[in-house]
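Q: Below is a structure I'd like to ask you about.
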Amino acid sequence: MNFNFTQSGGKGTGSYGIAGSFAYVSQDSTTVARLAEGVTITGPSVDISATSQDTNINWVGGVAVGKSLGFGVTVSINDIDRKTYAIIGSANPFTAGFDPNSIAAYPAPSALTNLAVTDYVKVNAKSDGWLGAFSVAAAVADGNPKPPTTTQTGSTGAAGAPTGQNNQPTSAIGLSGNVSFNRVTDHVQAFVYDAGTMQANQVEVTAFNNTGLYAIGGAVAFAKAAPGKTSVGLAGAAGWNEVGGNTKAYLYGQGAGQKLTLTANGLRVDAQSDGNIFAITAGGSGAMGGQTNVSLAGSFSYNEISRATASFVEGVNATLNGGGGAQPALLTSASQVQTSSTSLDTIVFENSLDWVTGTAVKYDNGGGSSIAGLNTTATYYVVVDATNPKRLRLASDSAGNNLININPSGAIGEGHRLYLASTPTNTTAIDLGSEHGWVSGDAVVYSNGDGKAIGGLEDGETYYVIKISDTQLRLAASSGGSAIVMDFTKATGGQHSLHRKASDGNSYSLFEFTPAEEQAFALFQVEAKDTITLGRAHGFIAGQALTYDNGGGTSLGGLTQGGTYYAIVDGGSPTSFRLAASKEEPN
């Protein structure tokens, strides 16, 4: 809240009393909440909210009292310009060319944004508060002579000569003027300006503008003259009030050669403007006591509300399932529940993969029992999920046509991983990636860091350098001995190192290196759930809560009547999905 107080007063003990006040208040503010273009977000929800709730109260006053002339004037100017934006996309209010009235100068919407959340996406902009402008001017002129006063003189207290001999009757003029100008401009916009993809249960884009203007202005003049004199009272008040701006909520996705792809159960795009003007402008005057009395008063008030309010959707490919809930997925035959190699069995990694579809890999069970469907000698080919790079499947061919049906239920152990098929199993060379500065015969100590040791080496053991180049070397068990044959596929972790062992017991020249690029995972990250295939697109999103109903018959194996499960969707098959027991599994 902002409170501004301007007040003046003047009193003339002789003939004139003059007072005036001038106040100018300006506010130009921008409030922005923005999720920039090109981001990828998965999780429960996205909430982008911008709120401006300023309240401004301005008081301006001027009061003048005089004998023959009282002159009071006030001028109040309040200019409030607020901009409130909640944005997803490439439009940026802080860049040159941004125009709240037009999107013509905005950059093209990005096609790189990917929002895939299980609950809601909210983009909300709100402007609230009010402007209170209160101004008054008053003038009083009293031309009547005041009764003379006397002084006491002498020890007996006899009355002395009267004082105030110049207190003669005069004419009286009271002049009062008040001018109030108030303008409030609010631009409130919530919008998605993007051509990427958006998946959510509910999408809500709302812009609310509830700013009000309360303006009260007045001018009062009073003149009182002695008999035979003239009294004049003049008062005028003018008020000019404007409330403007625009309120917009929209989705705009036409750009970058494609449109925004929206999949949701419910969509709300809502713009509301509820501002108002409450204005009182008054003038009052009075003249009395003289032979000639003149009293004039006037007021003028101009009030304008000029606001544009709009909500629209343009350049969007939307799939809406309606009602905020999922449509029932009706199974008409047992054949719709598939357990074959097309069941889309998936390994979900904790981080996004650097591998691409077609990358050749091998499987390592870490010394435990293997996952059914995989073995430690075959070469597999990665198939990365198109909607979630943390998910991959394995195929027996590089094109990804023959997917492997995997089942972790009988597997044990904690060292399961995939590694590049190109990782050498028989090598004598280590490339440190930078100049090591060692010569043949230098003693070095090997550390496996946080993983398993390279095949042929032991953690903490001393070996002897056979220099190949400034960056490459071999290791021998003894000085001058033959090179050790190493198996990089046995190594895990990324903090393997060699450091030189000095005669004083200290270590120098530490070099870290990674013998193999590998991706470790736990058994709980392996999904081998049966696929349900419908005769239509299901419209579910990853992690969406679903309730199972057996229709009065026998429940499918693994499902419970009335139970809550969570959708696992496949971006390449809009008619197929699987079910998870917890909300976290699909992510």
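The values are calculated or read from the model by the stated rules, or taken from the named source; none is laboratory data. Computed from a prediction, not measured in an experiment: that's the story for all the values here. A quick note on method: Cβ atoms are made from the backbone with ideal geometry, for glycine too, and the neighbour counts reach across all protein chains shown. For the accessible areas, the whole protein counts, side chains as well, though only heavy atoms, and no ligand, DNA or RNA atoms are used. Shrake-Rupley method; radii C 1.70, N 1.55, O 1.52, S 1.80 Å.
Q: Considering (1) closer than 30 Å to Thr357 by Cβ; (2) open to solvent by 20 Å² or more (accessible area, probe 1.4 Å), say which one Ala411 fails and leave the rest.
A: (2)
Q: Could you say which residue among Gly460, Gly481, Gly451 is surrounded by fewer than 19 Cβ atoms within 10 Å (Cβ to Cβ) and either within 50 Å of the chain's Cα centre (by Cα) or at positive phi (or both)?
A: Just one listed residue meets the conditions, Gly460.
Q: Is there any pair linking a residue in the range 368-389 that is at positive phi to one that is open to solvent by less than 40 Å² (accessible area, probe 1.4 Å) and among the β-branched types (Val, Ile, Thr), with Cβ under 9 Å and at least six apart or on different chains, and which?
A: Gly373/Ile404; Gly373/Ile406
Q: Can we say Ala297 is out of contact with any Asp or Glu (no Cβ under 9 Å at 6 or more places or on another chain), farther than 29 Å from Arg82 by Cβ, open to solvent by 40 Å² or more (accessible area, probe 1.4 Å) and assigned to a strand (DSSP E or B)?
A: So Ala297 fits the description; yes.
Q: Right, something else. Return yes when Lys11 is touching a strand residue (DSSP E or B) at 6+ places or on another chain (Cβ under 9 Å) and modelled with pLDDT of 90 or more and no when it is not.
A: Criteria not met by Lys11.
Q: Collect the residues in the range 90-141 that are open to solvent by less than 10 Å² (accessible area, probe 1.4 Å) and among the small types (Gly, Ala, Ser), keeping them in residue-number order.
A: Correct list: Ala91, Ala125, Ser127, Gly132, Ala133, Ser135, Ala137, Ala139, Ala141.
Yes/no per residue for (1) open to solvent by 40 Å² or more (accessible area, probe 1.4 Å); (2) out of contact with any strand residue (DSSP E or B) (no Cβ under 8 Å at 6 or more places or on another chain); (3) modelled with pLDDT under 80; (4) assigned to a strand (DSSP E or B):
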{"site": "Ile541", "(1), (2), (3), (4)": "no, no, yes, no"}
{"site": "Gly551", "(1), (2), (3), (4)": "yes, yes, yes, no"}
{"site": "Gly557", "(1), (2), (3), (4)": "yes, yes, yes, no"}
{"site": "Gly562", "(1), (2), (3), (4)": "yes, no, no, no"}
{"site": "Pro574", "(1), (2), (3), (4)": "yes, yes, yes, yes"}
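Q: Restricting to the range 425-461, name every residue that is of a type in the set (Ser, Thr, Tyr) and modelled with pLDDT under 90.
A: Pass one, the range 425-461, residues of a type in the set (Ser, Thr, Tyr): 425, 427-428, 434, 440, 446-447.
Hit for the range 425-461 is Ser434, nothing else.
Q: Mind listing whichever residues of the range 50-68 are open to solvent by 60 Å² or more (accessible area, probe 1.4 Å) and either among the hydroxyl-bearing types (Ser, Thr, Tyr) or under 20 Å from Gly89 (Cα atoms) (or both)?
A: Thr51
Q: Failed condition for Ser110, given (1) out of contact with any Pro (no Cβ under 8 Å at 6 or more places or on another chain); (2) modelled with pLDDT of 90 or more, with all others met?
A: (2) is the only condition that Ser110 fails.
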